[in-house]
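The values are calculated or read from the model by the stated rules, or taken from the named source; none is laboratory data. What you are looking at is a predicted structure, and each value in this text was computed from that prediction instead of being measured. When we count neighbours, we look across all protein chains shown, and the Cβ atoms used for this are built from the backbone with ideal geometry, even at glycine.
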């Protein structure tokens, strides 16, 4: 997928040429930018991406899709727990799989890698 695959041209402006440090420019342009979310993966991703771009006037990226998915998972956990108590909601989030356009059979980790 290229940055303009979704629609139109995307403009990745980093900094004016004269202000870019040479070392940084060399390092940056030797590497590719990747995104774990692909808008055209299946019917679900196409439908969500279309709704997103109509509302936001830009194409979605992984951060947008992940934020939406996590927020919906949280709201579903509140609904399933019947309360907004943090411990009950977290227990429900860990119990419920994440199945949406962004993640299939995803699970909330018992503990985050940083220990919280």
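Observations, loosely collected:
- Index of the failed condition, residue 34 passing every other in (1) at pLDDT below 85; (2) part of a helix (DSSP H, G or I): (2)
- Output for region 37-46, where each listed residue is surrounded by 12 or more Cβ atoms within 10 Å (Cβ to Cβ) and assigned to a helix (DSSP H, G or I): 44, 45, 46
- Residue list for region 79-110, filter: in contact with a helix residue (DSSP H, G or I) (Cβ under 7 Å, 6 or more places away or on another chain) and assigned to a helix (DSSP H, G or I): 80, 81, 88, 89, 92, 93
- Selection status of residue 69, assigned to a helix (DSSP H, G or I) and in contact with a strand residue (DSSP E or B) (Cβ under 8 Å, 6 or more places away or on another chain): yes
- The single condition from (1) at pLDDT 95 or above; (2) surrounded by fewer than 12 Cβ atoms within 10 Å (Cβ to Cβ) that residue 72 fails is (2).
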